[in-house]
Amino acid sequence: MNQNPICIVCGGRELSEVVRIEGVPVLCNQLLCTRGAALAVPTATVALWFCHACGHMFNPDFNPQLVPYGPVYENSLNCSGRFREYDDALIDALIERYQLRNRKVVEIGCGRGDFLKALCRRGGNHGVGFDPSCPDGEEPGDRGCDVVIRREHWENCHSSVDADFICSRHTLEHVGKPRAFLAGIRSAARKSGVPVFLEVPNSLYTLRDEGIWDIIYEHCSYFCASSLERALAESGYLTFDVDETFGGQFLTIHAETNGRSAQSALAPRPEVARLVTAFAEKYRTKVDAWARRLDAFAHKGRKVIVWGAGAKGTMFLNTLRRGNVEYVVDVNPRKQGKYVVGSGQRIVAPEFLKEYGPSVIICMNPNYREEIERRSRELGLEPACLVA
């Protein structure tokens, strides 16, 4: 355990521990083909600390060697219509804001490249993506799309990048040294003033809205608006708009690789520190409440399904460890037929519910509740839909 951590964003030493969670799977989003393999995954401890100077939360004991990203890693969200609507609007906004037409676009941490490919198709752009988890083989819809994906970590393969636009979504929170990562991007850009767009989970949502299932091992950083802007400013960027998006669950920021160091003394909003102080107790209260609720369902013989086999669903099931949840629904066909890491539930398609007939569906993300209820009605089901 790190007794005297130093903030990885601002170097601050005034820190306090937020919460400690034992036995967390080191990778929540693996595609595992057997229940035995799912139950045997390695686990570690998440110990979140809060920096009072910049508002950043992080796990100082994070070990990147425990999280080898590869083709079995699957965290795509675009199988959801609700998420595709969000993505589509974001793509249109970026093309318009930065006039991304016939330009070179680079995405760091691109996954299978869905977002990058859409940016390039709509704007006639050339794209280069970096991600070791992208599997080999052509994905449907790749033909006619001018995109190359390098199946490597960005840090291992770049020297310089002749880009007109650089983006990175839901990658920075996985990086143990965010300032070095950001500085590397800036120094690799051949031009000065290249626009950069970043998107990360919003730690304020985790604290304010009790999004406790968002705390996973592979996320070693939890950015609020001040710590995200501070990380970029300390790494030599000019920063512009910082916004909460996707129902407050994400943070986005626009910046430029201006080529000169900038200093920032941004402090977190006062409410962040207050929320941090209360979070450990709220975490325990919420876990206890859900344990009692699941036990009550089991006592009454009610069939319970969890909808969402991503990080939230994985943490919910691993935290509560209740045997009366046998299956997890996910609309991503690549996950169907696989097993939830750590807890071992089989992942099924929504159509499975017609024969299973659950009386309770636990929705892991409130943004998808309407979509889930609509799909349940289409299947002829009317279970209670509860948001975890």
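The values are calculated or read from the model by the stated rules, or taken from the named source; none is laboratory data. This one's a predicted model, so the numbers in the text were calculated from it and none came from an experiment. Ideal geometry is used to build each Cβ from the backbone, glycine not excepted, and the neighbour counts take in all protein chains shown. Just so you know, the surface numbers come from the protein's heavy atoms only, side chains and all, with ligands and any DNA or RNA stripped out. Shrake-Rupley method; radii C 1.70, N 1.55, O 1.52, S 1.80 Å.
Quick look at the numbers
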item: Test: residue in region 169-180 that is in contact with a strand residue (DSSP E or B) (Cβ under 7 Å, 6 or more places away or on another chain), open to solvent by less than 10 Å² (accessible area, probe 1.4 Å) and over 29 Å from Lys286 (Cα atoms); result: yes
item: Number of the exception - Tyr217 against (1) modelled with pLDDT under 95; (2) in a loop (DSSP other than H, G, I, E, B); result: (1)
item: Region 354-366, residues that are touching a helix residue (DSSP H, G or I) at 6+ places or on another chain (Cβ under 7 Å) and either surrounded by fewer than 17 Cβ atoms within 10 Å (Cβ to Cβ) or among the aliphatic types (A, V, I, L, M) (or both); result: Val360, Ile361, Met364
item: Test: residue in region 357-364 that is touching a residue at least 60 places away in the same chain (Cβ under 8 Å), within 18 Å of Glu218 (Cβ to Cβ) and either of a type in the set (S, T, N, Q) or touching a Ser or Thr at 6+ places or on another chain (Cβ under 8 Å) (or both); result: no
item: Number of the exception - Asn365 against (1) within 21 Å of Glu210 (Cβ to Cβ); (2) modelled with pLDDT under 95; result: (2)
item: Complete set of residues in region 242-258 that are touching a residue at least 12 places away in the same chain (Cβ under 8 Å) and farther than 19 Å from Pro178 by Cα; result: Glu244, Thr245, Phe246, Gly247, Gly248, Gln249
item: Ala225 vs. criteria of a type in the set (Gly, Ala, Ser) and modelled with pLDDT of 90 or more; result: yes
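So that you can scan it fast, the table gives a plain yes or no per residue for (1) modelled with pLDDT of 95 or more; (2) under 27 Å from Cys51 (Cβ atoms):
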residue: Gln263; (1), (2): no, yes
residue: Glu271; (1), (2): no, yes
residue: Lys286; (1), (2): yes, yes
residue: Ala296; (1), (2): yes, no
